[in-house]
Amino acid sequence: MNFLKIVLTAALFIAAPAWAGGMTGPQKNAVRSAKEYLSTMSFSRDGLIDQLSSDAGEGYDISDATVAVDSLDIDWNQQAAKSAKEYLSTMGFSCKGLIEQLSSSAGEQYTVEQATYGAKRAGGC
């Protein structure tokens with residue numbers, strides 16, 4: 001029983017900074033970068049993390065990018081709908097093709113559910 005208490009106490013101690021909003025400097029900077037990206041473009045969760053952590057993007061550590069993105073209140077379904085509208089404004093897609101583009105690991109990296117929502121909301125299905 002004491003072992004369990006120690007483990008739970010340690011877990012709470014480790015998690016406390018996240019609950020208290022205690023972010024590191026790089027994580028706070030990554031939050032600012034994420035907000036800047038989202039103000040001009042739409043992203044999936046994984047796509048935004050990739051953008052923030054990529055050497056071709058911002059170059060944040062992936063752990064800092066993940067904490068930053070997960071700290072934001074983002075409606076990923078709405079992001080998928082925006083992405084779908086952007087695609088449909090420049091080219092034609094079948095419903096299936098648009099969902100595949102939005103959910104592909106080589107595409108936007110939304111979940112299939114988010115991509116389906118986005119495609120339907122944008123009028124692609």
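The values are calculated or read from the model by the stated rules, or taken from the named source; none is laboratory data. Everything quoted here is computed from the prediction, not taken from an experiment. Cβ atoms come from the backbone with ideal geometry, glycine included; neighbour counts cover every protein chain shown.
Listed by first and then second residue, the pairs linking a residue in the stretch 38-64 that is outside the structural domain of Thr116 (by TED's automatic domain parsing) and buried (at least 19 other Cβ atoms within 10 Å of the Cβ) to a residue that is in a loop (DSSP other than H, G, I, E, B) and at pLDDT below 95, with Cβ atoms under 6 Å apart and 6 or more places separating them unless they lie on different chains, are Gln51/Gly57; Leu52/Glu58. Check the stretch 79-94 and report whether any residue there is among the hydroxyl-bearing types (Ser, Thr, Tyr), outside any helix (DSSP H, G or I), touching a Ser or Thr at 6+ places or on another chain (Cβ under 9 Å) and at pLDDT 95 or above. No, there is no match, as no residue in the stretch 79-94 is among the hydroxyl-bearing types (Ser, Thr, Tyr), outside any helix (DSSP H, G or I), touching a Ser or Thr at 6+ places or on another chain (Cβ under 9 Å) and at pLDDT 95 or above.
Of the residues making up the stretch 26-51, those that are under 28 Å from Gly97 (Cβ atoms) and in a helix (DSSP H, G or I) are Tyr37, Leu38, Thr40, Arg45, Asp46, Gly47, Leu48, Ile49, Asp50, Gln51.
Restricted to the stretch 53-78, and to residues there that are of a type in the set (Asp, Glu) and not in a loop (DSSP other than H, G, I, E, B), the residue that is farthest from the chain's Cα centre (by Cα) is Asp64.
Would you confirm whether any residue within the stretch 75-96 is of a type in the set (D, E, K, R) and in contact with a Leu (Cβ under 9 Å, 6 or more places away or on another chain)? No, that holds for no residue. So Ala80 fits all but one of (1) more than 15 Å from Gln114 (Cβ to Cβ); (2) of a type in the set (A, V, I, L, M, F, W, C); (3) surrounded by 17 or more Cβ atoms within 10 Å (Cβ to Cβ); what number is the exception? Result: Ala80 passes all but (1).
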